[in-house]
């Protein structure tokens, strides 16, 4: 059974944000002070990582609470400058309770090359992720970022951001983290397969079988 964020103690969610921030930093997905994470506290409030801080060094007391309009309600630090993308996801997807934005190196290289990860190569990626579209370029820290993502948010759970990075989201922070990890894995496989000189994409029949299996997988995971 998936343990959703809403209804869980705030102290527990703060610890999770610290834990996943450190993991993402160790993976090289959040170098320097880049990247941000958030979870729903309830239907009206979000718990978000602060701006200008290493996710490896972040503490649970550093988190910021905002409402769904982006107003800061609590926290001594300033909220992430990328808050608008988190708000867009939560406003458009009532089923989403956690968002991760990071810069996984290979996936970000695809975003810088103008390449979506939309070729169906790996069975596991089809089962757990689906295609990963590429949002158009938007200046970081502006509302342009949210606007560039909105066309894709309803139908995907991970999106590449041109010349920027990636965002992934799900019903739990664990799920959003695993999706981000899978995005980077898929990008790595795509890159190596291209270097080997041949891409063997899944056939329509194979995709149909996998999509049916995916529905069963989703039901069993909830």
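What follows draws every value from the coordinates through simple rules; no lab data is involved. Quantities reported herein were computed from a predicted structural model and do not represent experimental measurements. When we count neighbours, we look across all protein chains shown, and the Cβ atoms used for this are built from the backbone with ideal geometry, even at glycine.
Side notes on the structure shown:
- Its residue count N sets the reference 2.2 N^0.38 Å, and the alpha-carbon radius of gyration of the chain equals 0.99 times that reference.
- Residues in region 128-146 reached by a label modelled at residue 201 [backbone nitrogen below 20 Å; 7 Å Cα→Cβ]: 128-136
- Alpha-carbon centroids, region 90-146 and region 14-37: separation in whole Å: 17
- Against the chain, whose longest principal axis is taken from its Cα atoms, helix 83-92 shows a tilt of about 70°.
- Nearest-ten-degree value, helix 10-26 long axis tilted from longest Cα axis of the chain: 50
- Per-residue extension of 0.36 nm, minus the Cα-Cα distance of residue 142 and residue 15, leaves a gain of 42.9 nm for this segment.
- With Cα atoms, 0 to 90° folded angle of helix 173-196 axis to the chain main axis: 30
- Averaging Cα coordinates gives a centre for region 153-221 and one for region 61-83; these two points are 30 Å apart.
- Max mean-square fluctuation residue, GNM over the chain, Cα-Cα springs under 10 Å, options 62, 143, 209: 209
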